[in-house]
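Visitor: The following block contains the structure, expressed as C-alpha cells.
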C-alpha cells in the first residue's frame, strides 16, 4: 500500500506521519530570487520634464481634434499652450459620427482648462452635464481622458504607469484572435498565432444562432475548442451575447470538459440574475464588461458574484481614469481585469498601462492581425515604434518612455482621416436567421 492510498476514516497515512515528522520546504524559484527586492527595470524609465512644466499657463488646453481613420478607429489629439501633444482613442465601433458629435461639444467646453488636472476634467465631463454614462458620452470622455494622461506623462517625463502608482509587473499577458464573425479555419490560424509568440487566443463561440436552436448547432463550437487546445494553446470563447439563455447553459456544459480559458458575454448585459444562475452551473471562468461603461454599471455584477473577470474597454469606459477605478473596485470582489481591446494602438497602450500597475490584471486583448483590420490597416499602421508591442512568450513588455510610450505618424493620420471622411464609417454586419428575423451580432 502506498503512502497516499485511501485509509479508513480517523486513521493516519504514512504520508501524513512523515509530514508531521519533518516539514518540507521547497527553495524559492528563480523568479522569486530575481524579484526578491522588488521590480527594478535595468533601463531608464523617465526623462527630463518638458520645459513647459515650469511655465505658468503652458499646460492649458489649446486645441482638441479628432480623426476617424481606417479600419474603424477614432483618435483624439489634444495640444497644450506649451506645445505638448497627447493622443487618446474614443473608438466606438459602428457609432463614429455620434462620438464625433460629442467630442465637438467637449472641445468647446474644455479649451483653457489645465490639462494636468485630469480628475477635475473627468468629474466635470461626467457629473456636471447632468446626463451621465452611456456608450457615446463615455467614449468621447475616454478619448479625452487617455490624451490627458499622455500629456501629463510627457510633461513630467514619466510613463503613465508611473503616475498610476508604479509598476507591479514588467510584462502584460495578451491574446490574439482567430476566426472571425463566422469562425472557421481556427486551427491553422491558432498555429500562426503560436508562431507569433502567443500562448492564448480568443474566438467567437458560434455563428448566428437561433433563440432556441438545435443542440447540434453547438457541436462545431466544441470541436473547434478541442482542436485549438490540441496544438498546445489556451483559448477563450466569446459568446458575444449571441447565445440566449436556453442555449447558453447547454453550450457551457458541453465546453466544460475542454476547459476554455474563459467564456465571454455568455448572456447579454442586463441579465444579472440569469448570469448568476449560469455561474452556479459551470466551473468555467465567466468574463463580461465591454458593454459596461462605469463603476455603477459594473456594480450589480460584482455584488451578485456572477463573473470572474471584468472586461472594461478603455475606449468606452471613461479612459484610464475610470478603467483604473473599475479595476480597483473589482479587486475587492476577487475579480480579475482583462481589458477588452479589439481597437487601435492608443487604446491598447492605455490598457497595458492599467495592466502594468494593477494587481488583479490578468490578460489584455490585442488587435494585431484581427479580422476587422482590413484594407492594409492594422495595429502598427500609424505607429513609428511598433517594436514596443512585440509579443514574446504570450506577453508584451513594459512601455518605458514618457506618456503612453508610443509614437504616431501624425502626417499619415491626417492624410488618412481626410480620405476616410469620404467613406462610410465601419458598421457591424447584419445577421438574420432562415426566417428573416434579425439575430444578435
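The values are calculated or read from the model by the stated rules, or taken from the named source; none is laboratory data. Please read all numbers here as calculations on a predicted model, not as lab measurements. Note that we place each Cβ from the backbone using ideal geometry, even for glycine, and neighbour counts take in every protein chain shown.
Visitor: Condition (residue is surrounded by fewer than 14 Cβ atoms within 10 Å (Cβ to Cβ), modelled with pLDDT of 90 or more and assigned to a helix (DSSP H, G or I)) applied to the range 44-60: is it met by at least one residue?
Guide: yes
Visitor: Out of the residues in the range 174-219 meeting the condition of being without any contact (Cβ under 8 Å) to a residue 40 or more places away in the chain and in a strand (DSSP E or B), tell me which one is nearest to residue 266 (Cα to Cα).
Guide: Here the residue is 204.
Visitor: A further question follows. Pull out all pairs, ordered by first then second residue, where Cβ-Cβ is under 9 Å, the residues are six or more apart or on different chains, the first lies in the range 220-232 and is touching a residue at least 24 places away in the same chain (Cβ under 8 Å) and on the phi > 0 side of the Ramachandran plot, and the second is part of a helix (DSSP H, G or I) and buried (at least 16 other Cβ atoms within 10 Å of the Cβ).
Guide: As it stands, the answer is 232/194, since those pairs meet every condition given.
Visitor: Another one. Keeping to the range 286-319, report how many residues are more than 30 Å from residue 86 (Cβ to Cβ) and part of a loop (DSSP other than H, G, I, E, B).
Guide: 4
Visitor: OK, next. Between 80, 63, 123, which is surrounded by fewer than 16 Cβ atoms within 10 Å (Cβ to Cβ) and within 26 Å of residue 406 (Cα to Cα)?
Guide: On inspection, the qualifying residue turns out to be 63.
Visitor: Please go through the range 244-266 and pick out each residue that is assigned to a loop (DSSP other than H, G, I, E, B), at pLDDT 95 or above and either within 19 Å of residue 216 (Cα to Cα) or over 24 Å from the mean Cα position of the chain (by Cα) (or both).
Guide: Of everything in the range 244-266, just one residue is assigned to a loop (DSSP other than H, G, I, E, B), at pLDDT 95 or above and either within 19 Å of residue 216 (Cα to Cα) or over 24 Å from the mean Cα position of the chain (by Cα) (or both), namely 266.
Visitor: While we're here: Quick check on the range 347-378: of everything there that is in contact with a helix residue (DSSP H, G or I) (Cβ under 6 Å, 6 or more places away or on another chain) and either buried (at least 24 other Cβ atoms within 10 Å of the Cβ) or touching a residue at least 60 places away in the same chain (Cβ under 8 Å) (or both), which residue is nearest to residue 170 (Cα to Cα)?
Guide: 356
Visitor: Okay, moving on. Among the numbered conditions (1) within 11 Å of the chain's Cα centre (by Cα); (2) on the phi > 0 side of the Ramachandran plot, tell me where residue 310 comes up short.
Guide: Of the numbered conditions (1) within 11 Å of the chain's Cα centre (by Cα); (2) on the phi > 0 side of the Ramachandran plot, the odd one out for residue 310 is (2).
Visitor: For the range 256-263, state whether one or more residues are within 30 Å of residue 150 (Cα to Cα) and surrounded by fewer than 18 Cβ atoms within 10 Å (Cβ to Cβ).
Guide: no
Table: residues versus (1) out of contact with any strand residue (DSSP E or B) (no Cβ under 9 Å at 6 or more places or on another chain); (2) modelled with pLDDT under 95; (3) exposed (fewer than 11 other Cβ atoms within 10 Å of the Cβ); (4) in a loop (DSSP other than H, G, I, E, B).
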{"position": "387", "(1), (2), (3), (4)": "yes, no, yes, no"}
{"position": "399", "(1), (2), (3), (4)": "no, no, no, yes"}
{"position": "413", "(1), (2), (3), (4)": "no, no, no, no"}
{"position": "417", "(1), (2), (3), (4)": "no, no, no, no"}
{"position": "424", "(1), (2), (3), (4)": "yes, yes, yes, yes"}
{"position": "436", "(1), (2), (3), (4)": "yes, yes, yes, yes"}
{"position": "441", "(1), (2), (3), (4)": "no, yes, no, yes"}
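Visitor: Which numbered condition in (1) under 24 Å from the mean Cα position of the chain (by Cα); (2) free of Cβ contacts under 8 Å to residues at least 60 places away in the same chain is the only one that residue 236 fails?
Guide: Residue 236 satisfies all of (1) under 24 Å from the mean Cα position of the chain (by Cα); (2) free of Cβ contacts under 8 Å to residues at least 60 places away in the same chain except (2).
Visitor: Report whether or not residue 339 is free of Cβ contacts under 8 Å to residues at least 40 places away in the same chain, surrounded by 23 or more Cβ atoms within 10 Å (Cβ to Cβ), closer than 16 Å to residue 88 by Cβ and in contact with a helix residue (DSSP H, G or I) (Cβ under 7 Å, 6 or more places away or on another chain).
Guide: Yes.
Visitor: Condition (residue is over 25 Å from residue 419 (Cα atoms) and at pLDDT 95 or above) applied to the range 84-105: is it met by at least one residue?
Guide: yes
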